[in-house]
Structure formats: structure tokens, C-alpha cells
Amino acid sequence: MSGTQETALTLARELSGAGEAEEALLELLCQAAEQQWEKRLRPGMTTEDCGKAFPCAVAFTAAADLAAARGGVSGFTAGSVSVRIRGAAESCALAESLRRTAERLMAPFAVPDDFCFRGVRG
């Protein structure tokens, strides 16, 4: 695992609060996010050109994907028995917020993902 991958995984673990049971999934999500961001780099740009923004964007993207996959329980306390259920809307909002942060971090380095030209008649 490269230094960038290790950094991204560590950050994603912190952002998502992932436990041991989610470690393998989070690692795969980091790898997928890294590939996604590499493909979106502007021509001539490398991951090194992005500096610390690259592993941060990978981590935020992976954490967003994990949040979207989780859906259900967001907390559990055994002592005084307190379980908190996160609804689908809350999970989606969290995932969207994390994705927006990743997009903002990579804006100077990546091709926008939400823009396309359509044929316009003059």
C-alpha cells in the first residue's frame, strides 16, 4: 500500500468512524475513489500535483460511499441502552456533504463531474 493510499485509508477511517468489521469494505472504497479521482485529473496533472488534497478527497469520497451503504444504525450504547437509528435521508445528506467536500478539495485539479456541453444551435 502506498503512502497516499495509507493516508487516505487512515483519514477515511477517522471520518467514517469505521470499525474492524467495515475495514475491508472501506479499503476497497478508498481504492475505487482513488481510481475515480485519478481519471478525473485535468490533462497533464498528477496526483502529486494535488498535494494533500488528493488523499483527503479520496478519504471523503470513500467515507461518503460508506455512509450511503450503512443507512441504518448510527449509534449504540449498552450501559443505559441507547440506540440511535439514522434514517435514509440523514445518511444521504451526510454522504452528499462528504462528496461536496471532496469536490471542493479537488476543484483546482480535476475536471468537473457535473457539467457537460450539449449541442447548441446558433
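Which of (1) open to solvent by 30 Å² or more (accessible area, probe 1.4 Å); (2) at pLDDT 95 or above; (3) part of a helix (DSSP H, G or I) is the odd one out, the single condition T46 does not satisfy?
(3)
Any idea which residue in segment 31-40 is least open to solvent (accessible area, probe 1.4 Å), counting only those that are in contact with an Asp or Glu (Cβ under 8 Å, 6 or more places away or on another chain) and under 17 Å from R104 (Cα atoms)? Can you show your working first?
Taking segment 31-40 as the starting set, the residues that turn out to be in contact with an Asp or Glu (Cβ under 8 Å, 6 or more places away or on another chain) are 32-33, 40.
Subset that is under 17 Å from R104 (Cα atoms): 33, 40.
Details: A33: 2, R40: 27 Å².
Only one residue fits best here, namely A33.
Suppose we keep only residues that are crowded, with 16+ Cβ neighbours inside 10 Å and under 30 Å from K39 (Cβ atoms) within segment 64-83. Which one would you say is modelled with the lowest pLDDT?
To start, the set of residues in segment 64-83 that are crowded, with 16+ Cβ neighbours inside 10 Å comprises 64-68, 70, 74.
The next check asks that each one be under 30 Å from K39 (Cβ atoms); those that pass are 64-68, 70.
Working: A64: 95, D65: 94, L66: 93, A67: 90, A68: 87, R70: 81.
Across segment 64-83, the extreme among qualifying residues is R70.
Among the residues in segment 84-103, are any at pLDDT below 90, open to solvent by 60 Å² or more (accessible area, probe 1.4 Å), among the basic types (K, R) and over 14 Å from the mean Cα position of the chain (by Cα)?
yes
So which residues in segment 2-30 are within 18 Å of L105 (Cα to Cα) and open to solvent by 50 Å² or more (accessible area, probe 1.4 Å), if there are any at all?
T4, Q5, T7, T10, L11, E14, L15, listed by residue number.
The values are calculated or read from the model by the stated rules, or taken from the named source; none is laboratory data. Worth saying up front: this structure is predicted, and the values here are computed from it rather than measured. Counting neighbours? That spans all protein chains shown, and the Cβs are built from the backbone with ideal geometry, glycine included. These accessible areas exclude ligands, DNA and RNA; they are computed on the full protein's heavy atoms, side chains included. Shrake-Rupley method; radii C 1.70, N 1.55, O 1.52, S 1.80 Å.
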